[in-house]
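Remarks on the structure that follows.
Nothing in this text is a laboratory measurement; each read-out follows from the coordinates by a stated rule. Because the structure is a prediction, the values reported are computed rather than measured. Positions of Cβ are backbone-derived with ideal geometry, glycine not excepted, and every protein chain shown enters the neighbour counts.
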Amino acid sequence: VAAIAGTPGATWMAATGREQPGTAAYGIALLSRYPADDWQVVRLPRVPIRFPMYLRGPNRVQIVNEEPRAAAIARLQTPVGPLTVANTHLSFVPGWNRRQLRMLMRDLRGFPGPHVL
């Protein structure tokens, strides 16, 4: 699931899922040895403003944009029965990552259990 289209640290934008094949993109993956009956992508909210971030190096504080985040949710058929699995990479911004996690947990309630996040 692409979260970003383009090159991080250079020119990029939030991925929409409609990017052309072969274009630069990166994001997350959900791998399973068990077949998936169904899956979907959830786009997580990002920090709506640029903010200062401490980085190592001579220019220690830089103003940055938060990168887009996504989650992949799949319904897997396992030997012990169906299982809903969600995978994501939450924001590194304290507090904002908790907001994203709460949203994802709320969305998971709409899927049959048991759940693994």
| remark: If R0 = 22 Å, then R102 and M13, at their Cβ-Cβ distance, give a FRET efficiency to the nearest 0.05 of 0.25
| request: Go through (i) 26, 16, 12; (ii) 23, 16, 15; (iii) 30, 18, 12 and flag the label whose value is the computed semi-axes √(5λ) of the Cα gyration tensor in Å for this structure. | output: (iii)
| query | So how tilted is helix 96-108 from the main axis of the chain? Cα-based, degrees 0 to 90, rounded to 10. | reply | 20 degrees
| field | Cleavage-rule hits (chymotrypsin sites (Phe, Trp or Tyr not before Pro)) in the stretch 38-93: DSSP loop, at most 15 neighbouring Cβ within 10 angstrom | value | F92
| Residue among V93, P114, T7 farthest towards the positive dipole end of the chain, charges placed on Cβ | V93
| Whose amide H sits under 5 Å from the amide H of A25, counting only residues 5 or more places off or on another chain, with H placed in the peptide plane? | G6
| note | Taking every DSSP bridge whose two residues both lie in the stretch 29-116, the antiparallel percent to the nearest 5 is 90 percent
| note | Computed for the stretch 29-116: size of charge dipole around the Cα centre, +1 on C-beta of each Lys and Arg, -1 on C-beta of each Asp and Glu, debye to nearest 20, value 380 debye
| request: First measure r as the distance between the Cβ atoms of R109 and N59, then evaluate 1/(1 + (r/R0)^6) with R0 = 35 Å and state the FRET efficiency to the nearest 0.05. | output: 0.20
| the chain: relative contact order in percent, alpha carbon pairs under 8 Å with at least 6 residues between | 23 percent
| message | Can you give me the C-alpha center-to-center distance between the stretch 17-53 and the stretch 57-115, rounded to a whole angstrom? | response | 10 Å
| query | Of the trypsin sites (Lys or Arg not before Pro) in the stretch 1-83, which ones lie in a loop per DSSP and count no more than 10 other C-beta atoms within 10 Å? | reply | R18, R33, R56, R60
| request: With a point put 7 Å past each Cα toward its Cβ, work out how far A36 is from A24 in nm, to one decimal. | output: 2.6 nm
